[in-house]
1. Could you give the angle, 0 to 90 degrees to the nearest 10, between helix 133-160's Cα long axis and the longest principal axis of the Cα atoms of the chain?
2. Could you give the size of the charge dipole of the chain about its Cα centre, using +1 on the Cβ of each K and R and -1 on the Cβ of each D and E, expressed in debye and rounded to the nearest 20?
3. How many angstrom separate the Cα center of region 71-108 from the Cα center of region 12-56?
4. How much area per residue is accessible in the chain when the probe is 1.4 Å and only protein heavy atoms are counted (Å²)?
5. How much of the accessible area of the chain, probe 1.4 Å, is carbon plus sulfur, in whole percent?
Amino acid sequence: MSNSSRTLPAGDIKPALAFGSVALLCVVAGGLVAAVTGPLQLEHGSWAAAYLVLVGGVAQGALGISQHFLAPRRFIGWKVVAELVAWNAASEFVIGGTLVASPWVVDGGGVLLVVALALMFQTVRRSGTKSGWALWVYRVLVVVVAVSVPIGLVLAHLRAS
């Protein structure tokens, strides 16, 4: 049996911990951004705080951690790194592009977020015996975030014009 077809070991939670840790950092960073930008009345402060908490924290954490329980095969190594890098680089591009009013940078973030979502969807695509409501909730969350990407990109372009 090849290394890529082994089932997920019960004790191998490093990928879930990586996603949980990064998600927690994003939630804390969002709180700090809100605390700093609110009193200063910075234009995009509350939006950036909400993005960090909801997209960087809640959505990334929910999808990344859920993979541990829903994936039919172990997903460590390059795939976890690719998902984490794509998701968090996307967030940097979206927030940075918004702050400097560059919708093309935001578009790059949107593309990276779609890449991360595609990898995450593919990870649990064939769930085997691990089906049911949890898998459907996971898929719905992927779709909700995916649908929000083009909406956000259109809004970024409208805001910049």
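1. 30
2. In total the dipole reaches around 740 debye.
3. If you average the Cα positions of each part, the centres end up 14 Å apart.
4. Value for the chain: 55 Å² per residue.
5. Carbon with sulfur: 74 percent of the solvent-accessible area.
The values are calculated or read from the model by the stated rules, or taken from the named source; none is laboratory data. Note that this is a predicted model, so its numbers are computed, not measured. Here Cβ is always computed from backbone atoms with ideal geometry, including for glycine, and neighbour counts include all displayed protein chains. Note: accessible area is taken over every heavy atom of the protein model, side chains too, but ligands, DNA and RNA are not part of it. Shrake-Rupley method; radii C 1.70, N 1.55, O 1.52, S 1.80 Å.
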